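The values are calculated or read from the model by the stated rules, or taken from the named source; none is laboratory data. What you are looking at is a predicted structure, and each value in this text was computed from that prediction instead of being measured. Glycine gets a Cβ as well: all are built from the backbone with ideal geometry, and neighbour counts include every protein chain shown.
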Amino acid sequence: MKLTEIIENFDFKNPDYLPIMENRRKRLQWLKANPSEITYLKSYYRENIADFINQWGMTYDPRNTNPNIPKMMPFILMPKQVEWITWALEHWKNGEPGIVEKTRTVGMSWVSMAFACSLCVLYDELSIGFGSRKEKYVDKKGDLDSLLEKGRMFIMMLPRQFRGGFERNKTDKLMLLNFPESGSSIKGETGDGIGRGGRSSLYFVDESAFLERPYLIDASLSENTNCRIDISTPNGLDNSFAERRHSGKVDVFTFHWRDDLRRDQAWYDAKVLQIDNPVIVAQELDINYSASKEGVVIPSEWIQAAVDAHIKLGIEPTGIKKGGWDVADTGKDKNAFCARHGILIEHMEEWSGVNGDILESTYRVFAICDKLKYRSFDYDADGLGASVRGDARAANATRYPGTDISVIPFHGGGAVINPDDMVTEDRRNSDFFVNLKAQAWWSLRMRFRNAYRAIVEKIEVDPDSIISIPSNLPNFNKLIGELSQPTYKMNNVGKLLIDKKPDGVASPNMADSVMIAFAPLIPQIDWDDAAFIREIETNYEEGGISEWESL
């Protein structure tokens, strides 16, 4: 069996390394018999780093207690790790910075070191930096918890033909790995000295959110390299890592525990019990930046409970099918569209408005609705969305009779729905919420709370009052991060205010689209009347008031 077939069918929970090692043995025999092919292979591997690691790399995990699984094993990359390697290679070649937000213990340290070592073996004259807050995290010989020691082990377990001339204790020293054949090197730096050691082709900052004086490092690295890649679990919003991650100016790669094929829901549930601290769980497992912030509208543990809630509770989604569109133009914010079938988020899509306009995005939303057989959507009608009504009218005018899509404005800054309904025993909607946006976010909060009560606390709730997020939803990881971003507080007259962008982070566009799709229903004309009303409005605009009155 070919190695590609072995990897495609590889079971990361119950790994069998024998076929892989047998494949490597034959591959190495061929290489020894055909030494002239090394030049061609290196040329191929330069553009296919993941293949190089899969075919020759080794890794080590001291946590393996299963006697059938060795602690030292072939380095077989998961699909998300392959995706990251492609992402990192492109950023290095284009001289672009990047940010990697991750769950703790998903193997990013090993992958980044294997990637860096592979570059140094295959490319000439590279200088790659690794920095972290303490020396023991960067390099401590004999300690595989340190980054450069991982690199030493990875290199020494490669066939000699692919070590780049590296020899342990000869071409390396503390905080430095040299590759004589390529002239490349990997250096380590710590603390405030990160970035001060010359120039780098590529620089990795490990656990960037936990640096003590990150702004000093930001300044030094700005002169050190064109490609800085920060890798970290979140540590709240009040740090340079979080600011840059949410700025919209730096490309972000997310590695969530759900991307780790060794993990599943049972693993997560056990970790939650073991850690027994919702803030740590939210930050280190759920990649939640707002976990330690007061007044989070939707706590992370509620969001995690809602993942595949319809499956966990055995609910077949029924009810309304409609979309929610958070509108953006040509700026840095993106359009986001959420398609809802009853309690279920059925589809999620995000796109940039750059080099386009709102009319073009309106046609795109219509196309999504047609594909899903949806006949209506709500849209953010405040600000940029003000033109959607006219654009939607133009779109509907081009459709066959009877196929119109009902387009309903959502005015978040407007008055609450059902103002006299009671929120608590002594507070009406109009007394409790400052506007419709606050009411809609609070309504969404209640859906997540009910999902948590039903699944975690085993409390009986109305099955139509929950929300479910499929784990295979496109943009899943980004969505669950955005949903826990908004915070709330009371204004000076005691009404609830929503802050979607605490500490100046970027707007949560996809989460906004969910809020709009699940907002309390605004009384509307029947869909079948929509074409009639449009005809009235068109006649009024084209023919004058007499034609309107005659109808």
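Listing for the model above:
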item: All positions within region 121-138 that are charged (D, E, K, R) and closer than 18 Å to Ser208 by Cβ; result: Arg133, Lys134, Glu135, Lys136
item: Where Asp370 falls short, out of the listed (1) acidic (Asp, Glu); (2) part of a strand (DSSP E or B); (3) free of Cβ contacts under 8 Å to residues at least 60 places away in the same chain; result: (2)
item: Checking Gly57 against (1) surrounded by fewer than 16 Cβ atoms within 10 Å (Cβ to Cβ); (2) under 22 Å from Arg262 (Cβ atoms), the condition it does not meet; result: (1)
item: Among the candidates Leu89, Leu41, residue that is under 27 Å from the mean Cα position of the chain (by Cα), surrounded by fewer than 23 Cβ atoms within 10 Å (Cβ to Cβ) and in a helix (DSSP H, G or I); result: Leu89
item: Filter pass, Asp404 being buried (at least 20 other Cβ atoms within 10 Å of the Cβ), out of contact with any strand residue (DSSP E or B) (no Cβ under 6 Å at 6 or more places or on another chain), without any contact (Cβ under 8 Å) to a residue 60 or more places away in the chain and not in a strand (DSSP E or B); result: no
item: Filter result for Ile155 (in contact with a strand residue (DSSP E or B) (Cβ under 8 Å, 6 or more places away or on another chain) and within 18 Å of Gly195 (Cα to Cα)); result: no
item: Region 182-198 - residue that is in contact (Cβ under 8 Å) with a residue 40 or more places away in the chain and either more than 32 Å from the chain's Cα centre (by Cα) or part of a loop (DSSP other than H, G, I, E, B) (or both) and, of those, surrounded by the fewest Cβ atoms within 10 Å (Cβ to Cβ); result: Gly198
item: Number of the exception - Arg262 against (1) in the same structural domain as Leu372 (by TED's automatic domain parsing); (2) surrounded by fewer than 21 Cβ atoms within 10 Å (Cβ to Cβ); (3) of a type in the set (Lys, Arg); (4) at pLDDT 90 or above; result: (1)
item: Leading residue by the ranking (modelled with the highest pLDDT) among those in region 347-358 that are among the aliphatic types (A, V, I, L, M) and surrounded by 15 or more Cβ atoms within 10 Å (Cβ to Cβ); result: Met348
item: All positions within region 268-311 that are touching a Ser or Thr at 6+ places or on another chain (Cβ under 7 Å), small (Gly, Ala, Ser) and surrounded by fewer than 21 Cβ atoms within 10 Å (Cβ to Cβ); result: Gly295
item: Hits in region 393-420 (condition: under 30 Å from Glu301 (Cβ atoms) and either under 35 Å from the mean Cα position of the chain (by Cα) or at pLDDT below 90 (or both)); result: Phe410, Gly412, Val416, Ile417
item: Residue match in region 172-180 (condition: part of a loop (DSSP other than H, G, I, E, B), crowded, with 20+ Cβ neighbours inside 10 Å, under 33 Å from the mean Cα position of the chain (by Cα) and in contact (Cβ under 8 Å) with a residue 12 or more places away in the chain); result: no
item: Selection from region 488-509 of residues that are in contact with a helix residue (DSSP H, G or I) (Cβ under 6 Å, 6 or more places away or on another chain) and part of a loop (DSSP other than H, G, I, E, B); result: Pro508
item: One residue from Arg133, Arg168 being of a type in the set (Lys, Arg) and more than 25 Å from Asn224 (Cα to Cα); result: Arg168
item: Boolean, Leu344 is closer than 30 Å to Arg453 by Cα and either over 19 Å from the mean Cα position of the chain (by Cα) or surrounded by fewer than 17 Cβ atoms within 10 Å (Cβ to Cβ) (or both); result: yes
item: Residues (touching a strand residue (DSSP E or B) at 6+ places or on another chain (Cβ under 8 Å) and either surrounded by fewer than 12 Cβ atoms within 10 Å (Cβ to Cβ) or aliphatic (A, V, I, L, M) (or both)) located in region 388-401; result: Val388, Ala392
item: Evaluation of Asp378 against (1) touching a strand residue (DSSP E or B) at 6+ places or on another chain (Cβ under 9 Å); (2) surrounded by fewer than 21 Cβ atoms within 10 Å (Cβ to Cβ); (3) not hydrophobic (A, V, I, L, M, F, W, C); (4) not in a helix (DSSP H, G or I) (one fails), failing number; result: (2)
item: Filtered residues of region 417-460 (kept if more than 27 Å from Lys501 (Cα to Cα), crowded, with 17+ Cβ neighbours inside 10 Å and touching a Lys or Arg at 6+ places or on another chain (Cβ under 7 Å)); result: Ile455
item: Close pairs (9 angstrom Cβ cut-off, 6 or more residues apart or separate chains): within 14 Å of Arg340 (Cα to Cα) in region 301-321, among the acidic types (Asp, Glu) anywhere; result: His310/Glu316; Pro317/Glu346; Thr318/Asp464; Gly319/Asp464; Lys321/Glu346
